[in-house]
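Down below is the structure, laid out as structure tokens.
The values are calculated or read from the model by the stated rules, or taken from the named source; none is laboratory data. Values in this document were obtained by computation on a predicted structure and should not be read as measured data. Quick reminder, even Gly has a Cβ in these numbers, built from the backbone with ideal geometry, and neighbours come from all protein chains shown. Calculation scope for accessible area: heavy atoms of the full protein, side chains included, ligands and nucleic acids excluded. Shrake-Rupley method; radii C 1.70, N 1.55, O 1.52, S 1.80 Å.
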Amino acid sequence: MSDTTAERTDFLARATASGSGKRSFGNKILSIVCVGLAFLTLIPLCSIIFLVLKNGLPLLSLSVFTDLPPAPGLTGGGFGNALIGTLLMVGLALVLATPFGILSAIYVNEYAPASELAKTVRFVAKLLTGIPSIIAGVFAYAVVVLATGGFSAWAGGFALAILVLPTILLTAEQALMGVPKSFREASYGLGATNFQTIWRIVLPDALPAMMTGVMLAVARAAGETAPLLFTALFSQYWIQSLKEPTASLSVLIYNFSTTFDDHQKQMAWTASLVLVVLVTLANISAQVVFRKR
Amino acid sequence: METPAIQQGGIKEFRKGTDFFRILCWVASAATVATLAWILVEITRQAWPAIEKFGFGFVTGARWLPNREVFGVLPFLVGTATSSLIALVFALPLGLAVAIFLSEDFLPLPVRQVVRFTVEMLAAIPSVVYGLWGIFVVIPLVQQFGSWAMVACKDIPVLKEIFAGPAYGNSLLTASLVLALMILPTITAISRTALVAVPGTLREGAYALGSTRWEAILGVILPTAAPGIVAATILALGRAMGETMAIAMLIGNSSRLSWSLLSPAGTLAGLLANQFGEAEGLQMNSLMLAALLLVILTLFVNMAGEAVLRYTEKQTAGIR
Amino acid sequence: MKLTSLVKFGSFAASAIFATSAMAQQLSGAGASFPAPIYQRWASDFKKISSIEVNYQSVGSGAGVKQFTLGTVDFGASDAAMSDEEMAKVTQGVVLIPATAGSIVVAYNLPDVKDLKLTREALAGIFLGNVTKWNDPMIAKANEGVKLPDLPISVAKRSDGSGTTFVFSKHLAAISPEFKDEIGEDKSTDAWPVGVGGKGNEGVTALVKQTPGAVGYVEYGFAHHNSLSMASVQNKSGNFVKPTPESGAATLAHLELPANLRIWPEDPTGADDYPITTFTWLMLYKKYPDAAKLKALKGFVTYGLTDGQKVSTELGYIPLPASVVEKALAALSTVQ
């Protein structure tokens with residue numbers, strides 16, 4: 001450590017030694033370059049957002065949320081079933097992944113933080129965050145679609161659950177770590193058991209921060225296309241059972257953007273706009289909940 | 001917990017609850033670990049016929065011919081590696097610049113918040129929309145650049161290979177540029193967190209020694225935040241390798257190897273997206289093997305990242 | 001005359017029988033992506049008159065055959081129909097119904113060339129990688145008076161497995177022994193010596209649109225809706241034929257359908273036939289134990305073969321010739 005500090009002091013000393021006019025000039029140049037690069041980055045972003053708004057707004061109306069997708073060659077219609085399908089499968093993913101994520105986080109942070117299992121869980125969770133989303137789709141295809149003989153909302157929800165499990169687990173662990181030690185000590189001091197302490201004291205305090213993870217998971221899962229392509233597939237109609245192929249916004253965008261039908265293409269942009277807003281809202285609510293803490 | 005204040009029966013009940021809940025949490029933890037194993041085992045099982053048939057030749061084979069039952073993924077491995085690395089080359093300086101911009105006070109806070117919000121919105125845009133945007137905006141630009149570059153570089157030794165024509169729009173370069181944009185939010189967000197976490201005392205110390213803002217940034221703040229920036233880079237690399245839909249729409253999906261940035265290429269994830277839908281028999285097994293390779297690659301990158309992160313954390317623990 | 005009465009009967013049957021059923025009957029089908037737009041349109045229009053929901057999943061011909069054989073769907077659909085071997089595996093028996101048809105066009109991007117003609121040698125040569133420049137003598141020979149640019153030909157092809165590639169390569173193999181030996185017919189293009197891959201018809205359309213000097217093959221509907229230039233292709237009798245719904249219909253009308261209704265015009269012989277045209281098939285079981293389902297399915301297929309043909313041109317398909325409709329309806333009547 002002392003080496004590094006010595007090097008730094010040395011660097012600063014040399015820096016101080018150089019001419020001050022040159023230094024402030026160099027300083028300004030670097031600042032300008034940095035601000036310039038930052039704004040350069042905004043150009044493509046603005047271009048995307050502009051295209052999505054420009055192409056998506058014209059068809060946006062209340063009826064796109066309540067109507068079924070238009071068949072080729074017809075006008076009107078919407079993506080009500082796809083919106084419901086997306087929400088449903090994201091919900092399924094949360095129902096499947098949240099208990100595992102939060103209970104694992106409790107084990108890792110409350111029961112046995114130093115155990116081999118806890119270390120492995122942390123490591124595996126970090127590795128799982130890096131798994132490409134299409135792999136979740138391939139895996140769900142192998143274990144759900146091939147096993148049940150058909151595409152289904154279950155398969156789609158399962159694929160998304162694999163994707164969001166590490167997000168939920170890692171944020172829940174962070175949330176638990178954020179609970180002050182003194183709370184636990186006070187609880188034990190009053191004679192509470194481990195379970196009572198976790199259930200009555202630690203969890204309520206960590207809950208808002210855990211919700212952040214859940215909302216981030218919603219944001220991640222809602223925008224995914226690749227895991228749903230071979231699992232939930234798509235449907236023209238309202239969903240009637242979890243065992244049948246199910247529409248989703250992202251797959252609708254993909255399907256409709258690859259047809260020759262201009263109206264469907266336009267609808268793909270409108271669906272993109274809705275999806276982007278949905279995901280952004282989920283992200284914002286995650287931050288708002290977090291900030292409250 | 002010895003708690004004499006609570007009655008005996010009560011303790012028993014709590015103990016029972018405690019144990020049960022502890023077991024439940026243990027089971028959940030074990031299941032999380034088992035998930036990763038399950039993914040690897042199941043995909044390996046589905047890929048087994050291809051592993052038996054091709055063995056290591058699957059990785060070194062440069063030809064992917066479904067109707068001849070010849071399957072080699074070398075071109076897709078190379079495409080995955082090059083497209084992600086080139087994307088990093090573009091995204092790292094830009095992402096870092098944005099992160100520094102966000103953590104310094106060059107411009108008033110509201111302006112920075114707008115920039116931050118816009119960058120975060122990038123992460124919310126579905127891959128397929130990036131693909132559409134790439135077709136509209138990036139492909140024409142790359143085509144213009146390519147037509148110029150292949151003429152300008154035709155007599156320069158190495159560059160003439162890298163910018164060899166014909167200049168297709170759907171190319172490695174196009175895919176890498178869009179990938180760079182897609183991984184930018186990851187780099188920016190994690191780097192910014194790391195920069196903001198640098199203790200104010202360090203900066204004050206640097207200023208007190210008479211250094212300018214940029215001397216402080218380059219000499220003290222960036223080195224201190226290095227672990228976070230390395231983590232950002234590695235997570236971004238992992239994301240780039242697995243990115244699917246936009247790449248499939250932009251890279252040209254060729255299974256032939258080429259040195260040129262202007263030629264079409266292919267990635268493992270793109271291969272899966274293109275062919276999984278209509279594959280059967282040995283082709284399906286081979287795609288599963290390609291998926292297995294992709295998982296192993298991304299796992300390896302993430303493990304390497306974790307290791308680097310731990311090492312750098314130890315190195316900088318003293319100044320933190 | 002016969003057809004008109006059949007059409008009348010069809011629409012009558014469709015509207016009269018199903019208006020009464022209160023419960024929404026559901027049918028599920030899966031298969032080829034090429035006819036998916038028109039099947040989905042039929043489903044949407046048919047629901048309005050019958051309240052029957054037909055859910056068609058576009059999963060590809062191969063998966064369609066697989067699901068149909070496993071019995072997880074009520075009907076299948078395939079651009080490659082089903083082989084005798086495949087049909088033998090279906091215990092309930094199979095009835096193949098040609099439901100719609102389409103042409104595959106050779107689209108190109110040469111702004112100054114309005115009406116490109118491609119000989120059989122030139123067409124095969126381009127996709128074999130032997131003809132690499134637009135002003136190659138092999139192309140110039142058939143386009144006298146047209147100023148062909150000194151531009152490299154960039155071939156656009158499908159990156160995903162598809163029935164479109166299957167039919168196109170079948171034609172190339174039929175007209176060129178070299179293509180047949182070196183590449184052969186297949187639904188994937190990975191063995192092709194040239195070409196940039198785009199996903200789906202839209203991907204290839206985009207490639208052709210973006211790249212000056214590009215040439216690719218797409219379904220007629222995509223080329224038509226995107227205003228791509230389409231080459232006139234030389235057929236077996238030596239004539240250059242432009243792809244239009246009429247020239248495609250001519251090809252189909254000249255075909256002598258066998259008893260199982262499975263035929264490809266790999267290299268049609270009629271003077272005005274567009275040579276790269278194909279049917280696409282619905283696969284039905286010979287026997288359905290559920291009477292209500294049988295009735296609904298017959299209603300839907302009858303609707304598609306009769307009233308449904310009217311939307312063909314609008315969506316870029318070729319309306320089936322009357323003789324084919326007649327045979328298809330006869331085949332449908334054997335389903336019990």
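Some observations on this one:
- Förster radius 45 Å - calculated FRET efficiency between B:ALA30 and B:GLU69, Cβ distance, rounded to 0.05: 0.65
- Positive end of the dipole of region C:104-253 (Cβ unit charges, origin at the Cα centre): among C:VAL194, C:SER229, C:VAL208, the Cα lying farthest that way belongs to C:SER229.
- Summing +1 for each Lys or Arg and -1 for each Asp or Glu among the other residues whose beta-carbon sits under 15 angstrom from that of C:ARG158 gives -4.
- Split the accessible area of the protein assembly as shown by element, probe 1.4 Å, and carbon with sulfur accounts for 65%.
- FRET E, pair A:ALA147, C:ASP150, Förster distance 45 Å, beta-carbon r, rounded to 0.05: 0.20
- Rg followed by Dmax, in Å, when region A:63-290 is reduced to its Cα trace: 20.3, 72
- For region C:104-253, alpha-carbon Rg relative to the globular expectation (2.2 N^0.38 Å, N residues): 0.95
- Each of C:LYS117, C:LYS209 has its accessible area taken with a 1.4 Å probe; listed largest first, they run C:LYS209, C:LYS117.
- Spherically averaged projected area of chain C from its Cα convex hull (nm²): 16.5 nm²
- Comparing C:GLN57, C:GLN234, C:GLN26 in a Gaussian network model of chain C (Cα springs below 10 Å), the most mobile by mean-square fluctuation is C:GLN26.
- Pairwise Cα distances in region A:76-177 exceed 20 Å for 46 percent of all pairs.
- Residues whose amide H falls under 5 Å from that of C:SER28, counting only those 5 or more places apart or on a different chain, are C:ASN55, C:ASP74, C:PHE75, with hydrogens built in the peptide plane.
- Hydrodynamic radius by Kirkwood, which averages 1/r over all alpha carbon pairs of the protein assembly as shown, in angstrom: 30.3 Å
- Once divided by 2.2 N^0.38 Å, the Cα radius of gyration of region B:129-258 becomes 1.44.
- Summed buried accessible area for B+C [probe radius 1.4 Å, Å², rounded to 100]: 2100 Å²
- Each residue of region B:78-83 was assigned a 3J(HN,Hα) from its phi angle through the Karplus expression (A = 6.51, B = -1.76, C = 1.60, θ = phi - 60°), giving 4, x, 4, 5, 5, 4 Hz with x at Gly and Pro.
- For region C:171-279, the convex hull drawn through the C-alpha positions has a volume of 126 cubic angstrom per residue.
- When only Cα pairs below 8 angstrom with a gap of at least 6 residues are kept, chain A shows a relative contact order of 24 percent.
- A versus B: buried accessible surface, summed, Å² (probe 1.4 Å, to nearest 100): 7700 Å²
- In this structure the protein assembly as shown gives 40 Å² per residue of accessible area when probed at 1.4 Å with all protein chains present.
- Among B:GLU120, B:GLU204, B:GLU243: highest mean-square fluctuation, GNM of chain B, C-alpha pairs under 10 Å: B:GLU204
- Taking all protein chains together and rolling a 1.4 Å probe, B:CYS153 ends up with roughly 10 Å² accessible.
- HN-Hα J in Hz across region C:31-43 - Karplus 6.51, -1.76, 1.60, θ = phi - 60°, x for Gly and Pro: x, 3, 8, 4, x, 3, x, 6, 5, 5, 5, 4, 4
- Accessible area buried between chains A and C, both sides summed, probe 1.4 Å, in Å² to nearest 100: 1900 Å²
- Rounded to the nearest 500, the helix-only mean residue ellipticity at 222 nm of the protein assembly as shown stands at -19500 deg cm²/dmol, with each DSSP H run of n ≥ 4 adding -39,500 (n - 2.57).
- The Cα-based radius of gyration and maximum Cα-Cα distance (Dmax) for region B:21-80 are 17.7, 56 Å.
- Positive-end residue, chain B charge dipole about Cα centroid, Cβ charges, pick of B:LEU132, B:GLY57, B:THR201: B:THR201
- Taking only the C-alpha atoms of region B:102-175, Rg followed by Dmax gives 18.1, 50 Å.
- Computing Rg and the Kirkwood Rh from the Cα coordinates of region A:210-270 gives a ratio, Rg/Rh, of 1.05.
- Per-residue Karplus couplings for region C:48-63, computed as 6.51 cos²θ - 1.76 cosθ + 1.60 with θ equal to phi - 60°, are listed in order as 5, 9, 10, 6, 9, 9, 10, 9, 9, 9, 8, 10, x, 4, x, 5 Hz, Gly and Pro entered as x.
- Ratio of the Cα radius of gyration of region B:57-316 to 2.2 N^0.38 Å, where N counts its residues: 1.15
- Around the amide H of C:GLY93, modelled in the peptide plane, lie the amide H atoms of C:LYS286, all under 5 Å away and 5 or more residues distant in sequence or on another chain.
- What the Kirkwood sum gives for region B:195-320 is a hydrodynamic radius of 17.9 Å, with every pair of different alpha carbons counted.
- The modelled label-to-label distance for the pair A:LEU281/B:VAL59, using points 7 Å beyond Cα in the direction of Cβ, is 4.7 nm.
- Basic side chains Lys and Arg get +1 at the Cβ, acidic Asp and Glu get -1 at the Cβ, and with that the dipole of region C:104-253 about its Cα centre reaches some 220 debye.
- Per residue convex hull volume, Cα atoms of region C:113-175, in Å³: 93 Å³
- Heavy-atom accessible area ranking, 1.4 Å probe, most first, across C:TRP264, B:TRP64: C:TRP264, B:TRP64
- Cβ-based net charge around B:LEU184, under 15 Å, with every Lys or Arg adding one and every Asp or Glu removing one: +1
- Nearest-20 debye value, chain A charge dipole, Cβ charges on Lys, Arg, Asp, Glu: 840 debye
- Quick note on region A:92-150: its Rg to Rh ratio, both from C-alpha atoms and Rh being the Kirkwood radius, is 1.09.
- Which listed pairs, of A:LYS243/C:LYS310; A:LYS265/C:LYS114; C:LYS133/C:LYS157; C:LYS117/C:LYS157; C:LYS66/C:LYS287, have C-alpha distances above 25 Å, in listed order: A:LYS243/C:LYS310; A:LYS265/C:LYS114
- Long-range HN-HN contacts of C:THR100 with modeled amide H, under 5 Å: C:THR280
- Only Lys, Arg (+1) and Asp, Glu (-1) charged, at Cβ; chain B dipole about Cα centre in debye: 180 debye
- Once the Cβ-Cβ distance of A:ILE32 and C:ALA140 is raised to the sixth power relative to R0 = 41 Å, the FRET efficiency obtained is 0.10.
- Those residues of region C:38-82 for which accessible area with every protein chain present is at least 40 Å² below the isolated value (1.4 Å probe): C:GLN40, C:ARG41, C:GLU53, C:ASN55, C:GLN57, C:VAL59, C:LYS66
- Label-point gap, in nm, between B:TRP48 and B:ALA197 - each point 7 angstrom along Cα→Cβ: 4.4 nm
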